[in-house]
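Enquirer: Structure incoming, see below.
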Amino acid sequence: MPEGHTIHRAAREHDKIFSGHCLSVTSPQGRFANGAARLDGQKCTGVEAIGKHLIYRFEDGSLLHIHLGLFGRIRKHKLPLRPARGAVRVRMVSAMDAIDISGPTICETLDEPGLLSLKQRIGPDVLRVDADPSRAYQKISKSRRAIGHLIMDQSVMAGIGNIYRTEILWRQRVHPLTRGRDLDGATLERIWLDARNLLEIGVKRNAIITVESEKRSKGRYRENTNIFGKAVCPSCDGAVSKLEISGRRVYLCGNCQVLAGAN
Ligand SMILES: [Zn+2]
């Protein structure tokens, strides 16, 4: 499952290459043939990400809604184009650029009311400038569920995936099993701001980098995290332990992240 920063990065790139251009839209695999025919030949007027959803706007007001899910893939191609390989659900081609989207969980056309209802189902997205974090704070502060669950629940707040979850909670010294209602507003705001800061770095660098710049390594991917996948806490040298929350592994340091409000 891509974390939110990869979807935002794709949206920014596709907006740059497609916005203002007429697109040929086809469904080489055939499963989106009717939708593609509706969009084919129209000018794209913008591309944006909402959580892990991609929205492509077209000049007649139609929207293409994509969610890659676990197995979806986007491939960018150079022109001249070769015939699509594999089960390509939708192919979009401008005079200069082309992308193929394969295996998405959602590939549908949408209208503005449909987009509005999608936005209401998704929590505020840490990477969107129009996000209202108070929607997330309200849900979290009423919840008995663990913060490690809540910040990855896309209906509470959107964008944070598994690695960021571990890293943000460690950076903010919050134990992942702390109940939402036991966290104060200042802590929630710190979590939100840190998520925004780290995911924005992720979009720009196309990698999950959660260590401070002077500690960044150019080596392997995991070397740019603090405790995810590590055995020793870089702050206190204590042992890193593991938990499972929402079916995914969370790493934590029991010294640095004390469980608050337990009773
Ligand atoms: Zn520690």
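Enquirer: Within the stretch 132-173, take every residue that is of a type in the set (A, V, I, L, M, F, W, C) and in a helix (DSSP H, G or I) and give me the one that is nearest to the ligand (Cβ to nearest atom).
Expert: TRP170
Enquirer: Can you report the number of residues in the stretch 51-87 which are touching a helix residue (DSSP H, G or I) at 6+ places or on another chain (Cβ under 7 Å) and modelled with pLDDT under 95?
Expert: 2
Enquirer: Just checking, how many residues over the stretch 98-117 are closer than 22 Å to SER19 by Cβ and within 20 Å of the chain's Cα centre (by Cα)?
Expert: So the count comes out to 9.
Enquirer: What are the residue pairs meeting all of these: first residue in the stretch 130-149, first residue closer than 25 Å to ARG249 by Cα, second residue polar (S, T, N, Q), Cβ atoms under 6 Å, and 6 or more apart or on different chains?
Expert: Taking only residues 6 or more apart or on different chains, the pairs are ILE147/THR178; HIS149/SER246.
Enquirer: Give the residue that is nearest to the chain's Cα centre (by Cα), with candidates limited to residues of the stretch 226-238 that are without any contact (Cβ under 8 Å) to a residue 24 or more places away in the chain and more than 9 Å from the ligand (Cβ to nearest atom).
Expert: GLY229
Enquirer: Of all residues being surrounded by 24 or more Cβ atoms within 10 Å (Cβ to Cβ) and among the charged types (D, E, K, R) in the stretch 138-195, which is farthest from ILE122 (Cα to Cα)? Just the residue, please.
Expert: GLU167
Enquirer: So, one more: Out of (1) in a helix (DSSP H, G or I); (2) more than 22 Å from the chain's Cα centre (by Cα), what's the single condition that is false for LEU79?
Expert: Checking LEU79 against (1) in a helix (DSSP H, G or I); (2) more than 22 Å from the chain's Cα centre (by Cα), the one that fails is (1).
Enquirer: Collect the residues in the stretch 240-252 that are touching a Gly at 6+ places or on another chain (Cβ under 8 Å) and within 14 Å of the ligand (Cβ to nearest atom), keeping them in residue-number order.
Expert: Passing the criteria: SER241, TYR251.
Enquirer: In the stretch 88-132, what residues are closer than 24 Å to ASP153 by Cα, polar (S, T, N, Q) and at pLDDT 95 or above?
Expert: Listed by number, the residues that qualify are THR105, SER117.
The values are calculated or read from the model by the stated rules, or taken from the named source; none is laboratory data. These figures come from a predicted structure and were not determined experimentally. Quick reminder, even Gly has a Cβ in these numbers, built from the backbone with ideal geometry, and neighbours come from all protein chains shown.
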